[in-house]
1. According to a simple spin-label model (label point 7 Å from Cα along Cα-to-Cβ), what is the distance in nm between residue 72 and residue 56?
2. Above 11 Å lies some portion of the pair distances; for region 38-85, what is it as a whole percent of all C-alpha pairs?
3. Would you kindly state how much longer the chain becomes between residue 18 and residue 46 on full extension, computed as 0.36 nm times their sequence separation minus their alpha carbon distance, in nm to one decimal?
4. How much mean residue ellipticity at 222 nm does the chain get from its helices, if each DSSP H run of length 4 or more adds -39500 (n - 2.57) and you divide by all residues, to the nearest 500 deg cm²/dmol?
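Read-outs: derived from the displayed coordinates by stated rules, not from any lab. Everything numeric in this text was worked out from a predicted model, so none of it was measured. Methodologically, a virtual Cβ is constructed for each residue, glycine included, from the backbone with ideal geometry; neighbour enumeration extends over all protein chains shown.
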């Protein structure tokens, strides 16, 4: 799927419908790798955008942790990193409940970094 449509993918939410064309005898419903499924459905540009966002969040979070020694922030970052590592083996960002959990986590990290930045000024 990726080799046929590497730049823009085949469409959001179309992995299950299109995969049977590439491997007709299989009963696979998802990629078992969130990043490959993002690439297959929406293309390399969205995958790069997502990974740049994640690396920026983690980088700024770690930088903020070293400046503030806020262990709650470190725990939130560790949780998000663990969640994203697990995404190499499962498509947890495609589950509504887990996607909401992920974005709430991202919001908590962002709010914690902002509060630490405001308290230092």
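1. So the label points at residue 56 and residue 72 sit 2.5 nm apart.
2. 69
3. Numbers: separation 28, 0.36 × 28 = 10.08 nm, distance 1.89 nm.
Extra length from residue 18 to residue 46 when fully extended: 8.2 nm.
4. Numbers: 5 runs with 83 residues, N = 121.
Theoretical 222 nm ellipticity from helices: -23000 deg cm²/dmol.
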